[in-house]
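Before any comments, here is the structure.
The values are calculated or read from the model by the stated rules, or taken from the named source; none is laboratory data. Fair warning: this is a prediction, and the values are worked out from it, not measured in the lab. Here the Cβ positions follow ideal geometry from the backbone for every residue, glycine too, while neighbour counts run over all protein chains shown.
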C-alpha cells in the first residue's frame, strides 16, 4: 500500500510482505550531512500514529531518541568501556564482562535492544538453568543483563528494561525427609544411654528443629 501522511504524523505506510504498518519521522540532518530518521512499526495504523507522536514529543522536549540499530553486544561493550570500568573494582567489572561474554552475547548479542522482549530473557534464563547452572549463577546473569539495559535507558537508547520484566529464577525447596514410626523406634533404641538421648526423644516427640531444641531454657519446661 502506498504511503500516507496525516497532520504531524510523518510518513505512514503498510508493508505488503506481512501487512504491518510502518511510520517514519525525519529530524533534519546529522553532522555528517546524513538525514536523521526514525522508523517505528505496529500491527495497526493507529498504533504507529501513537508511536510517531511520542517520538516527536521526545524530540521536541530534547529527550534522546531510542536507537533502533543498537545491539545487545554494542550496548554492553559501550557500558563496560565508558562507565562500568570506572565505577566498580577491576575484579567486579571483569566478572560482569565474563558473565556477558560467556552467557549473554553468544545467544542474544546480535539482537537489537529495541526488539528485545521479556520472553527472550525468560528463554535465556530457562536455557541456563537447563544447562546445569545454579540458580544463584542464573540470577547473577539476569542481574547483570538488567544493569546493562538500565544504562541504555539512562543514555536514551532504549525505553524499557525487559530483563527486569522477566521472571527471576527461584530455588525449588526440597521437602525434608521424615522418619517412619518404626525408624524412630530404632533410632531411640540405638541412642539408649547416649548423653543426647533425651534431646533426640524431645525433638522426635515434639517435632522440633535442632535449633529450637538447643535454644530451650529451664524456664521453658513445665515442672508440673
Next item on the list: Confirm whether residue 156 is closer than 30 Å to residue 73 by Cβ and loosely packed, with under 15 Cβ neighbours inside 10 Å.
Entry: yes
Checklist line | Checklist (1) without any contact (Cβ under 8 Å) to a residue 12 or more places away in the chain; (2) within 30 Å of residue 42 (Cβ to Cβ) applied to residue 189, failing item | finding: (2)
Notebook entry, point to check: Is it true that some residue in the stretch 69-80 is under 18 Å from the mean Cα position of the chain (by Cα), outside any helix (DSSP H, G or I) and at negative phi?
Noted result: yes
Margin query: Being free of Cβ contacts under 8 Å to residues at least 40 places away in the same chain and either in a helix (DSSP H, G or I) or closer than 30 Å to residue 55 by Cβ (or both) is the filter here; which residues of the stretch 128-137 pass it?
Written below: 128, 130, 135, 136, 137
Notebook entry, point to check: Can you find even one residue in the stretch 30-45 that is modelled with pLDDT of 80 or more, within 32 Å of the chain's Cα centre (by Cα) and part of a loop (DSSP other than H, G, I, E, B)?
Noted result: yes
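With the condition kept exactly as written, say whether any residue in the stretch 94-117 is assigned to a helix (DSSP H, G or I), more than 19 Å from the chain's Cα centre (by Cα) and either touching a residue at least 24 places away in the same chain (Cβ under 8 Å) or over 24 Å from residue 24 (Cα atoms) (or both).
Checking the stretch 94-117: at least one residue is assigned to a helix (DSSP H, G or I), more than 19 Å from the chain's Cα centre (by Cα) and either touching a residue at least 24 places away in the same chain (Cβ under 8 Å) or over 24 Å from residue 24 (Cα atoms) (or both).
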Next item on the list: Name, by its number, the condition in (1) touching a residue at least 60 places away in the same chain (Cβ under 8 Å); (2) more than 26 Å from residue 77 (Cβ to Cβ) that does not hold for residue 217.
Entry: (1)
Item checked: Check on residue 125, part of a helix (DSSP H, G or I), out of contact with any strand residue (DSSP E or B) (no Cβ under 7 Å at 6 or more places or on another chain) and within 17 Å of residue 80 (Cβ to Cβ) -> no
Margin query: Looking for something modelled with pLDDT of 75 or more, under 30 Å from the mean Cα position of the chain (by Cα) and farther than 26 Å from residue 136 by Cα - is there at least one such residue anywhere in the stretch 57-68?
Written below: yes
